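Derivation of every value follows stated rules applied to the coordinates shown; laboratory data play no part. Quick caveat: nothing in here was measured; it's all calculated off a predicted structure. Backbone-built Cβ (ideal geometry, glycine too); neighbour counts: all protein chains shown.
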Amino acid sequence: MSRYAKKKKHSFVKNVLLIFSSIAIAVIALYVIIINLGCVQDMVGDTLYPIKYQQQVDKASETYDLDKSLIYAVIRTESHFDPDAESHVGAVGLMQLMPESFEWLQGLRNEKLDISQLSNPDINIDYGCYLLRYFCDYYGSEKTAVAAYNAGFVVGDWLKDPNYSSDGKNLDKIPYEETEQYVKKVMNAKKMYKKLYFSEK
């Protein structure tokens, strides 16, 4: 056998071994990823989609028949779970309730609380979910209710306009850019919360 043939055979064997080694490393890496996938999901959940104020959310979910993933999504979008959050227009707390909305809701419930209570997570989540439930019942659509949570009763005008709603119940288009983005954020966050924490195993 010539020196060239021997060299060629040696090179072929070396390449085959290199390919098998690469495949073995890839298989091992894939196995490690699969084993640790649960840990990665936990890290993503804890960091980007946290579960906080669980007791208050559980109670509000049961009281107002709201999906927990929706409540968490609204809180995350509104305040990122900061009970002391206050917007430039004066919305307060975890679910960013306006003081005038808080007073209006108290009137519906025959209650009288000090405006300072809006910073109390128990009160804020309870009233925020009460408002969310009100809009769900009023408009008959969760997505429309989320839009109303951001924009208020002007949503009713949009539903009457065929340019924005084809059935008077669901919004095909939202004329306010802020509200449109808000609804997208909430609904996407709801999907993530459901996938991470509330999907059936």
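Residue exposure proxy: Ile51, Ile75, Ile174, ordered by other Cβ atoms within 10 angstrom of their Cβ from fewest to most, comes out as Ile51, Ile174, Ile75.
Taking the Cα centre of the stretch 47-198 as the origin, how large is its charge dipole in debye, to the nearest 20, when only Lys and Arg (+1) and Asp and Glu (-1) carry charge on their Cβ atoms? Please report the intermediate quantities before stating the final value.
Working: 17 positive and 23 negative charges, 132 e Å.
Value, rounded to 20: 640 debye.
Cβ crowding within 10 Å ranks Tyr49, Tyr127 as Tyr49, Tyr127, fewest other Cβ atoms first.
If contacts are Cα pairs under 8 angstrom and at least 6 residues apart, what is the relative contact order of the stretch 64-134 in percent? Numbers along the way, then the final one.
Values: 78 pairs, mean separation 21.6, N = 71.
RCO, the stretch 64-134: 30 percent.
Taking a sphere under 10 Å around the Cβ of Trp158 and counting the other residues whose Cβ falls inside, with K and R at +1 and D and E at -1, yields a net charge of -1.
Please go through the stretch 92-139 and write out the GluC sites (Glu not before Pro) that DSSP classes as loop and that have at most 16 other C-beta atoms within 10 Å. Please report the intermediate quantities before stating the final value.
Values: sites: Glu100, Glu103, Glu111; in loops: Glu111.
Counting only loop positions with at most 16 other Cβ atoms within 10 Å, the GluC sites (Glu not before Pro) in the stretch 92-139 are Glu111.
For Leu66, the shell of other residues with beta-carbons less than 15 Å away shows a net charge of -1, using +1 for Lys and Arg and -1 for Asp and Glu.
The fraction of all Cα pairs in the stretch 97-195 landing in successive 10 Å bins from 0 to the largest distance is 15, 42, 32, 11, 0, given as whole percents.
For Ser165, Ser87, what's the fewest-to-most ordering of other Cβ within 10 Å of each Cβ?
On the way: Ser165 19, Ser87 11.
In increasing order of surrounding Cβ atoms, one gets Ser87, Ser165.
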